[in-house]
Every structure is written in C-alpha cells, then in structure tokens.
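J.: Dropping the structure in here first, questions after.
What follows draws every value from the coordinates through simple rules; no lab data is involved. Keep in mind the model is a prediction, meaning the values are calculated, not measured. Every residue, glycine among them, receives a Cβ derived from its backbone with ideal geometry; neighbour counts consider all protein chains shown.
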Amino acid sequence: MQLPVKSDVQQIAHPNGRATDIFPLPANEEFLFELLEHLFSRYWQQIIFGPMIDGAAYEMRCTRGPSKIDLKSGYLSIFFGVPHFHLCIGNISENADDALNQRKTHRAEFFRDRDRAGAPISWGLRLFTGAGEQQLTVLFPNPFVTDDDKIRDKPAWDRLAIWDQLQMRYLGRPADPKDRTANGFTNM
C-alpha cells in the first residue's frame, strides 16, 4: 500500500470558537478497504463508531471481533456475528450512473477536534459520500474519557496510541506533541 502524499493539515474554524484539524486520506476502494480492515480487525475493542449527523450521534462499540470482513461490488461489509454494517467504498458497477456512484466514499479524513484554547480534545476518522453525507465516524480512544464513558480526572496519554500508530502508518506523520497539551474538556 502506498502512503498518501503528505499534505498540509487543513483547519476548519467553528462559530463556537473551536476548530477541527483535517488530515485528508485517499478515498479509493483499495486504500479504504485496507484502512478499515486494519482498524476493525486490530482495534475493535477500543474504538467507538457510527454516523454522527446533525441531530444524532450513534456511538457503537463492538462486543467481539469481526467474524468476517468482505468486499463485494464496491461494498465493504463487516460482520460481528449477527450485527453487521455495509459501506459503499468503491464503484458499485461499471455501468452505474453518477447518481448511484454518489453513494460511495468520496472523502476520507483523519480529524482532530480542538478546544477554544486550540488544544486537541478528540481524534478520529470520517468518511463522506459524493453527496457530502457522512457515512461513518470512528472515534479513537480519548485520554480524557474512560472505557465506560466517564470523564477522567487526569489524562491517560497512552490512550493516544491508536491515533499515533494510524497517523504514522497512513500519513507518515510521527506523534505530535500538540496532541498532549489539553487539560480535558475545560475549554469547550
């Protein structure tokens, strides 16, 4: 697998004084399959995932590792026994029209949300369709939150290991000291 060309981090300023750093990733089927297979087969116990859309956030956890990860006709399927999900990450068919191909992932990115003081407070992966709709958000372990979703008194910086590993593997970026500068959710 070829690493994406390093690009500058893109920054999105939000009206509430916070910002999000965007680290663009390739959105082709081969890259996305490798990334998602790696993520769900290796880190399934530690990630939270689901769509995050205006008015709803689905924060799911896996109760066991995937029993099957499959790619057919442009759809990635990840099975956890009975529960499973499908993502269109590639061309559905060679004869599909543009409207049908809008279903597939057109934008993929690692992201890092920052508080009002500019310190990182949340890390993850997002996928968007050609229509700009969110397909999936994967939240990586957060140093300010416990596994049972309680706020920590002191950050556990070792919880950034997945973020650090994925940044190096897929972007060739070493761990960023900036990621360890926040004091929790005090500057939200």
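J.: For the subset of the stretch 16-44 comprising residues that are at negative phi and part of a loop (DSSP other than H, G, I, E, B), which member is surrounded by the fewest Cβ atoms within 10 Å (Cβ to Cβ)?
T.: 16
J.: Just checking: which of the strands (runs of 3 or more DSSP E) contained wholly in the stretch 45-147 hold 2 or more residues that are out of contact with any helix residue (DSSP H, G or I) (no Cβ under 8 Å at 6 or more places or on another chain) and more than 28 Å from residue 9 (Cα to Cα)?
T.: 68-72, 75-79, 84-88
J.: On to the next question. Have a look at 160, 171 and point out the one that is closer than 18 Å to residue 48 by Cβ, crowded, with 17+ Cβ neighbours inside 10 Å and among the hydrophobic types (A, V, I, L, M, F, W, C).
T.: Sole residue among the options that is closer than 18 Å to residue 48 by Cβ, crowded, with 17+ Cβ neighbours inside 10 Å and among the hydrophobic types (A, V, I, L, M, F, W, C): 160.
J.: Report every pair of residues separated by at least 6 positions or lying on different chains whose Cβ atoms are under 7 Å apart, first residue within the stretch 102-122 and free of Cβ contacts under 8 Å to residues at least 24 places away in the same chain, second part of a loop (DSSP other than H, G, I, E, B).
T.: 122/142
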